[in-house]
Amino acid sequence: MIQIEHLHKSFGDLDVLEDVSLNIHEGETLAIIGHSGSGKSVLMKHIVGLLSPDKGRVLVDDVDICSVPYERLREVRKHFGVLFQGGALFDSMTSEENVAFPLEYFSSRSPAEIKARVAECLELVRMPDVGPKKPAELSGGMRKRVALARAIALEPKYILYDEPTSGLDPQTSNTIDELIQQLAEEMNVTSVVVTHDMHSVFNIADRAAFLYGKNLHWVGPINAIHDRADPVLDSFVTASEYHVGTHPTASSPS
Amino acid sequence: MTDRLLAPLHAIGTYFILMGRAFASVREVRTYWSNFITQMVRIGVESIPIVALAAAFTGAVLTVQTAYQLQTSFVPNTIIGSIVVPSMMLELAAVITAFILAGRVGARIAAELGTMRVSEQIDALEVMGLNSISFLILPRVLAGVVMFPALYIFACLIGIGGGLGIAEAAGLLSTTEFIEGARQFYQPFDPYFGLIKSITFGFIITSIACYKGYYTKGGAEGVGQSTTEAAVQSCVFVLLADLALAVLLL
């Protein structure tokens, strides 16, 4: 379980997050939603200790990762797989080498077992044939899927997705959504998805946390998002639904 | 205003903390060993052609110009060897190599790490549980400290060879005279001084480049800025270190 308690973060004079508290339960898929610049990615980076809060703390399985020594933090991080916005694949390596990288450093598998696991992960993300290709030879969606294969190589307990569908066409976005759902079910992982793509949110999330004006404005089950009497959340969700064409009136021009 | 005044102090502090963390992780050999070998090849072996070219021409030009300056005096020809060889050993082989490598190696390291930073590859290493500093910085700095002296020795040999070759080819003085002159005023400390310099320069260039690259901010513009700053600041600190070592050790 991940617990975020009274987290504050600012960069210079710019306050990004103020008093944000949030619990992420085992096995669920939580979507962190909000406008661009609302602090979603900043919040996600706190969850893996890439940023330190000015105030507050983040507990991962009861370990306060904001105050533990670096060596202990590294141990905690091994429970995470992270899909970065641009994939963050290592340019100098092929897709296979990228997926094999964490296995070579953090598993006791033999080279043959690593090779088999790499093939399995690439198969899981439906990219069995891209092994010898370097990231520069792949499209944006392919890079994200290879990055996802790398993120799941060590069978993490938590997977964090930073804008997994941004910059992708609708069909590829749907494929990524399906993969997120598939991994959540097959590997029973806890997933945190940072996104402003409401279409994705409705496809994959169990709960949503809406960041607005530096605060956590709303948290709740995804099926309760339409039962709101909240103009700010309503405005965000409706605008997103119109944008992706899922709102009932989106296809009927006035 | 205060922030701008404190910025250099903050940069110096961050640099020393980064180097401290890099060397504190020296025991994690397994993490960086293969990367260390790769960096030795990139920093050292791949720099051989440009260092050879620069050293050969420097040695040759120094010999021709020394001969020109001494042509009307009554000093013996052997003095040319006495000037060229210590000049290469004490100063030129180390400094010319450092300037070339500040551009070639320093800029490359800063651009590489800067790109990794802005494309979140360094974050990716960290969240896997790897110590990105021991994985990325330590091998580069150690490779610089190991390979710069090797390149210095190589530059000395090529530079002196270049001087000797042009002296013979242009009929300025014979090989025997050149070697005799070199031996006449040879100080055993000279090559050691050059080695100390090259180790220092190797550390300065690679550590500044790593610092600039690792803390790159922004996108392509940030990478460009880090790369430029790494090359320029490396050259400035090489010159300062050159003077300090000369004052302290000679």
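Computed values, structure above
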item: Hey, B:A244 farther than 21 Å from B:L138 by Cβ, modelled with pLDDT of 95 or more and not in a loop (DSSP other than H, G, I, E, B) or not; result: yes
item: Check on A:D15, more than 14 Å from chain B (Cβ to nearest Cβ) and more than 20 Å from the chain's Cα centre (by Cα); result: yes
item: Residues (touching a residue at least 40 places away in the same chain (Cβ under 8 Å) and either of a type in the set (D, E, K, R) or assigned to a loop (DSSP other than H, G, I, E, B) (or both)) located in region A:1-26; result: A:M1, A:E5, A:K9, A:D15, A:E18, A:D19, A:H25, A:E26
item: Qualifying helices (runs of 4 or more DSSP H) (wholly inside region B:70-136; at least 2 residues being surrounded by 24 or more Cβ atoms within 10 Å (Cβ to Cβ), within 14 Å of chain A (Cβ to nearest Cβ) and in contact (Cβ under 8 Å) with a residue 24 or more places away in the chain); result: B:107-118
item: Residue within region B:156-176 that is of a type outside the set (F, W, Y), under 26 Å from B:L239 (Cβ atoms) and either part of a loop (DSSP other than H, G, I, E, B) or within 13 Å of the chain's Cα centre (by Cα) (or both) present; result: no
item: Residue identified as without any contact (Cβ under 8 Å) to a residue 12 or more places away in the chain, over 30 Å from B:L18 (Cβ atoms) and of a type in the set (D, E, K, R) among B:E180, B:E168; result: B:E168
item: Lone qualifier among B:F185, B:F237 - being surrounded by 15 or more Cβ atoms within 10 Å (Cβ to Cβ) and aromatic (F, W, Y); result: B:F237
item: Flag if B:F135 is of a type outside the set (S, T, Y) and at pLDDT below 95; result: yes
item: Near pairs, Cβ below 6 angstrom, 6+ apart or cross-chain, from region A:203-225 (within 14 Å of A:V193 (Cβ to Cβ)) to any residue that is crowded, with 18+ Cβ neighbours inside 10 Å and polar (S, T, N, Q); result: A:I204/A:T29; A:A205/A:T29; A:D206/A:T29; A:L211/A:S38
item: Filter result (more than 18 Å from the chain's Cα centre (by Cα) and either at pLDDT 95 or above or closer than 30 Å to B:E120 by Cα (or both)) within region B:177-225; result: B:Y214, B:Y215, B:T216, B:K217, B:G218, B:G219, B:A220, B:E221, B:G222, B:V223, B:G224, B:Q225
item: Filter result for the condition that a residue is at pLDDT below 95 and over 21 Å from A:K78 (Cα atoms), over A:P132, A:P102; result: A:P132
item: Single condition B:T200 does not satisfy, out of (1) assigned to a helix (DSSP H, G or I); (2) free of Cβ contacts under 8 Å to residues at least 60 places away in the same chain; (3) surrounded by fewer than 22 Cβ atoms within 10 Å (Cβ to Cβ); (4) within 14 Å of another protein chain (Cβ to nearest Cβ); result: (4)
item: Residue satisfying all of: in region A:176-198; under 14 Å from the mean Cα position of the chain (by Cα) and in a loop (DSSP other than H, G, I, E, B); surrounded by the fewest Cβ atoms within 10 Å (Cβ to Cβ) among these; result: A:H196
item: Selected residue (only one of B:V95, B:V141 is of a type in the set (V, I, T) and touching a Cys at 6+ places or on another chain (Cβ under 7 Å)); result: B:V141
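The values are calculated or read from the model by the stated rules, or taken from the named source; none is laboratory data. Quick caveat: nothing in here was measured; it's all calculated off a predicted structure. Reconstructed Cβ throughout: ideal geometry from the backbone, glycine too, with neighbour counts over all protein chains shown.
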